[in-house]
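Nothing in this text is a laboratory measurement; each read-out follows from the coordinates by a stated rule. On a predicted model such as this, the values are computed, not experimentally measured, just so you know. We place every Cβ from the backbone using ideal geometry, glycine too, and count neighbours over all the protein chains shown.
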Amino acid sequence: MLPRLLVFLLAAVIVVPRSASAITRRDFPEGFVFGAGSSAFQVEGAAAEDGRTPSIWDTFTHEGFSYDGSTADISADQYHHYKEDVKLMHEMGLDAYRFSIAWPRLIPAGRGKINPKGLEYYNNLIDELILHGIQPHATIYHFDLPQVLQDEYAGLLSSRFIEDYLAFAEVCFRSFGDRVKHWVTLNEPNIEPIGAFDTGTEPPRRCSYPFGENCTGGNSSTEPYIAAHHLLLAHAAAVSLYRDKYKASQGGQIGITLLGWWHEPATDTPQDAAAAARMNDFHIGWFMHPLVYGDYPPVMRSRVGDRLPALSAEDSAKLRGSFDFVGFNHYLILRVRSSPEKKKDSGHRLGDYYVDAAVQNPLVAIAEGRIESPPWALGKLLEHLRLNYGNPPVMIHENGLGDAPDTPSAIEYDDGARIEFLQDYLEVLYLSIRNGSDARGYFVWSFLDVFEFIFAYRMRFGLCGVDMNAEARTRYVRSSARWYAGFLRGGELRPPPAAAPDDVRPYAA
Ligand SMILES: *[C@@H]1O[C@H](CO)[C@@H](O)[C@H](O)[C@H]1NC(C)=O
Ligand SMILES: *[C@@H]1O[C@H](CO)[C@@H](O)[C@H](O)[C@H]1NC(C)=O
Ligand SMILES: *[C@@H]1O[C@H](CO)[C@@H](O)[C@H](O)[C@H]1NC(C)=O
């Protein structure tokens, strides 16, 4: 084993040093948290049980809009299997489990009365985790808006969302904050407004032509910015409340988790280089800039103009510094091409987010399956945060490999490709920390197979497999789970690579 200093020196001259094979968890900073995650809608099931009401995602899936037409009514059924799952987490050696609290389960009418059965479920889950020495890391809002609030005032499009969200968050702090010390206000608020209000491919399916088709109404030029604005203000309100009223006695940390796609130019032209930089500002800066500097990025202000809501001095002050850490969910890079600037005289029609960013819509690559996951992109993301946003404490809240076994029944297979994937990313994470990034945690997505928001059950991300066709929802421990357990017990990265099995088609080619 090479001494750490030598590893560091080699790292400075060799891009991916082979000597990194000696990395173990002890090479990560003191207190670094290794975990795995899920979210309520994706994992719990029990959709209509014990008083839970539908979320906008239940409506969407029941109307047949998921990728494979399926629903998450049962999914992995963690609602009934949480004890078994926590036992598996304990055997895996996880420091922490990232989960979310279903708003329509805890407060079925969206506001007001707390559902005692919902309260009981999360108390049980949290107690079970703590009993097994696993830190609960809770996300308050993870896409599953109660449908009643969508029906009543159009959900995220109304500023009434902010007060209802705040009341929900306060129930969480008050009920669970004695045990939950890591709070995430919102999951991926920098993509939710795009799917929901620009392309209209996610609930509540709002968009306007030509940016999306067959929507239930909407305005792709304005609504994504309005929704994001309300999400930002809701986040700031929850952090202020936590800091004013709960933090001193409960002693926890609170942050927000963004989607961390990384954008690279598609060609080496200066136009595409500028386009990729703009997209990083539109994607990451949309939230990071207000959180660090109190306003939207200048490039968004100038390009979106008065469709970008104004921030009052008070909102701005509340937003600035409103996090103890920032979470990032990192999966892939998108190659960005600039799109020709609109001619002034042809500009009758307003653009959407991508037209505003003057790029060709890079999501097309995902739709066409052109997905790239080079591990160095995580390094670039962390470097970008370090250089542009004052090196915030970062939790990598999601990172993982989706695969689609040819046989849908293939649940227990040798997922050597996932082991390779995790090692590649952990190596880059280690090197980023060596370079000065303040990364403090890493959560594999996902702890077990779940309903995926984009791919439903067509892709599996789980360290543990779940037989979605068996009533018992049998769990299977995959090789990647065994590998992660070994790493968490002190094992080194890069044991001899397992041969990639024939029946597994990795999606990150
Ligand atoms: C919209 O509906 C038309 C007619 O049903 C269909 O052909 C088209 O594929 C739909 N577009 C999208 C994006 O769903
Ligand atoms: C969207 O809203 C803007 C601002 O109110 C308006 O100018 C534009 O015409 C609307 N677009 C559609 C498709 O309704
Ligand atoms: C670390 O910094 C060096 C020098 O700036 C850079 O070349 C390398 O890509 C960085 N590595 C990561 C993982 O950030």
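Average projected area of the Cα convex hull of segment 81-138, in nm²? Intermediate values should be presented prior to the final figure.
Working: hull surface 15.3 nm².
Its Cα hull, projected and averaged over all orientations, spans 3.8 nm².
Give the shape of segment 246-368 as rounded, prolate or oblate, defined through the alpha-carbon gyration tensor: a ≥ b ≥ c are the square roots of its eigenvalues, a/c under 1.5 means rounded, and otherwise the shape is prolate if a/b is larger than b/c and oblate if not.
Details: a/c = 2.86, a/b = 1.56, b/c = 1.83.
The shape class here is oblate.
Relative to the Cα centre, what is the charge dipole magnitude of segment 91-220, using +1 at the beta carbon of each Lys and Arg, -1 at the beta carbon of each Asp and Glu, and rounding to the nearest 20 debye?
Numbers: 11 positive and 17 negative charges, 58 e Å.
It comes to approximately 280 debye.
Mind checking the dipole of the chain: about its Cα centre, +1 per Lys or Arg Cβ, -1 per Asp or Glu Cβ, Debye to the nearest 20?
Using only the charged Cβ atoms, the result is roughly 1340 debye.
Roughly how many nanometres apart are two label points built 7 Å out from the Cα toward the Cβ at Glu163 and Ser339?
A separation of 3.8 nm, rounded to one decimal place.
Taking the dipole about the Cα centre of the chain, with the C-beta of Lys and Arg at +1 and of Asp and Glu at -1, give me whichever of Val336, Met468, Pro108 is farthest to the positive side.
After comparing all options, I get Val336.
Taking 0.36 nm per residue of sequence separation and subtracting the Cα-Cα distance, how much length would be gained by fully extending the chain between Glu152 and Ser312, in nm to one decimal?
Contour length minus the Cα-Cα distance gives 54.9 nm.
Would you please put 359-368, 202-211 in order of how densely packed they are, using the mean number of other Cβ atoms within 10 angstrom per residue and starting with the highest? Walk me through the intermediate numbers first.
Working: 359-368: 16.3, 202-211: 21.2.
Put in order of decreasing packing, that is 202-211, 359-368.
Ordered by residue, what ³J(HN,Hα) values in Hz, to whole numbers, does segment 371-386 give under the Karplus form 6.51 cos²θ - 1.76 cosθ + 1.60, where θ = phi - 60° and Gly and Pro are x?
10, 10, 10, x, x, 4, 5, 5, x, 5, 4, 5, 5, 4, 5, 5
Given 10 Å bins starting at zero, what is the percent of C-alpha pairs of segment 352-475 in each, up to the one with the largest pair distance?
Reading the bins upward from 0: 11, 33, 32, 19, 5, 0.
Report the relative contact order of the chain, percent, no decimals, based on alpha-carbon pairs under 8 angstrom and at least 6 residues apart.
Working: 996 pairs, mean separation 87.8, N = 509.
Here the relative contact order equals 17 percent.
Could you list which residues have their amide H under 5 Å from that of His263, counting only those 5 or more apart in sequence or on another chain, with H placed in the peptide plane?
So His263 has HN proximity to Leu334.
Where the only charges are on Cβ atoms (+1 Lys, Arg; -1 Asp, Glu), what is the dipole of segment 266-366 about its Cα centre, to the nearest 20 debye?
Values: 12 positive and 12 negative charges, 57 e Å.
That gives segment 266-366 a dipole magnitude of about 280 debye.
With point charges of +1 on the Cβ of Lys and Arg and -1 on the Cβ of Asp and Glu, referenced to the Cα centre of segment 260-402, which listed residue (Gly379, Leu291, Asn361) lies farthest in the positive direction of the dipole?
Asn361
Could you derive backbone 3J(HN,Hα) for segment 274-280 from the dihedral phi with the Karplus parameters 6.51, -1.76 and 1.60 (θ = phi - 60°), listing whole Hz in sequence and x where the residue is Gly or Pro?
Working through the residues one at a time gives 5, 5, 5, 5, 4, 5, 5 Hz.
For the charge dipole of the chain, defined by +1 on Lys and Arg C-beta atoms and -1 on Asp and Glu C-beta atoms about the Cα centroid, which residue among Pro193, Leu350, Ile396 has the Cα displaced farthest towards the positive pole?
So the residue we want is Ile396.
Give me, ordered by chain and number, the residues 5 or more places off Thr139 or on other chains with an amide H under 5 Å from its own placed amide H.
Phe99, Ser100, Ile101, Val184
Taking the convex hull of the alpha carbon atoms in the chain, what volume per residue do you get, in Å³? Please report the intermediate quantities before stating the final value.
On the way: hull volume 72.1 nm³, N = 509.
It is 142 Å³ per residue.
Among the listed pairs Lys117/Lys181; Lys247/Lys318; Lys181/Lys380; Lys87/Lys181; Lys113/Lys181; Lys87/Lys117, give every one whose C-alpha distance is greater than 27 Å. Kindly include the intermediate steps, with their values, before the conclusion.
Numbers: Lys117/Lys181 23 Å; Lys247/Lys318 16 Å; Lys181/Lys380 29 Å; Lys87/Lys181 21 Å; Lys113/Lys181 25 Å; Lys87/Lys117 22 Å.
Table pairs above 27 Å Cα-Cα are Lys181/Lys380.
Residues with amide H under 5 Å of Gly327's amide H, sequence separation 5 or more or different chain, H placed in the peptide plane at 1.01 Å from N; which?
For Gly327, the qualifying residues are Ile256, Thr257, Leu258, Met395.
Tabulate in residue order the Karplus-calculated ³J(HN,Hα) for segment 119-131, using 6.51 cos²θ - 1.76 cosθ + 1.60 with θ = phi - 60°, rounded to whole Hz; enter x for Gly and Pro.
4, 5, 4, 6, 4, 4, 4, 5, 4, 5, 4, 5, 4
How far apart, in nm, are the 7 Å Cα→Cβ label points at Asp268 and Thr216?
4.9 nm
For q values of 0.14, 0.23 Å⁻¹, compute log₁₀ I(q)/I(0) with the Debye formula on a Cα-only model of segment 78-179, without solvent.
-0.56, -1.18
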